[in-house]
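These notes are about the structure you will find just below.
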Amino acid sequence: MAYQPNPDRSESWRNVVSNIYAGGTSPVEAGAHIATVIKKILDARLSGVELSI
């Protein structure tokens with residue numbers, strides 16, 4: 001996920017959620033985390049390393 005993504009932004013501008021599977025993070029838990037991160041991204045108008053999670 002990235003706030004205002006564009007080709008000039010580096011990978012550090014992105015937030016990634018991974019490890020979503022039966023042996024890792026459950027889809028329900030991941031969905032809740034993603035919703036929380038999206039809210040923080042929109043409130044701060046920042047993403048990636050600039051966003052304090």
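The values are calculated or read from the model by the stated rules, or taken from the named source; none is laboratory data. The model shown is predicted, which means the values in this text are computed figures rather than measured ones. Here the Cβ positions follow ideal geometry from the backbone for every residue, glycine too, while neighbour counts run over all protein chains shown. Areas reflect the complete protein model, heavy atoms only, side chains present, ligands, DNA and RNA absent. Shrake-Rupley method; radii C 1.70, N 1.55, O 1.52, S 1.80 Å.
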- Message: Being closer than 19 Å to residue 52 by Cα, among the aliphatic types (A, V, I, L, M) and open to solvent by 80 Å² or more (accessible area, probe 1.4 Å) is the filter here; which residues of segment 18-42 pass it?
- Response: 42
- Are there any pairs with C-beta distances below 8 angstrom linking a residue in segment 3-18 that is at negative phi and modelled with pLDDT of 90 or more to a residue that is of a type in the set (Lys, Arg) and in a loop (DSSP other than H, G, I, E, B), with the two at least 6 apart or on different chains, and if so which? 3/45; 5/14
- Using beta carbons and a limit of 8 Å, which pairs, at least six apart or on different chains, have the first residue in segment 20-43 and closer than 16 Å to residue 1 by Cβ and the second one open to solvent by less than 70 Å² (accessible area, probe 1.4 Å) and in a helix (DSSP H, G or I)? 20/30
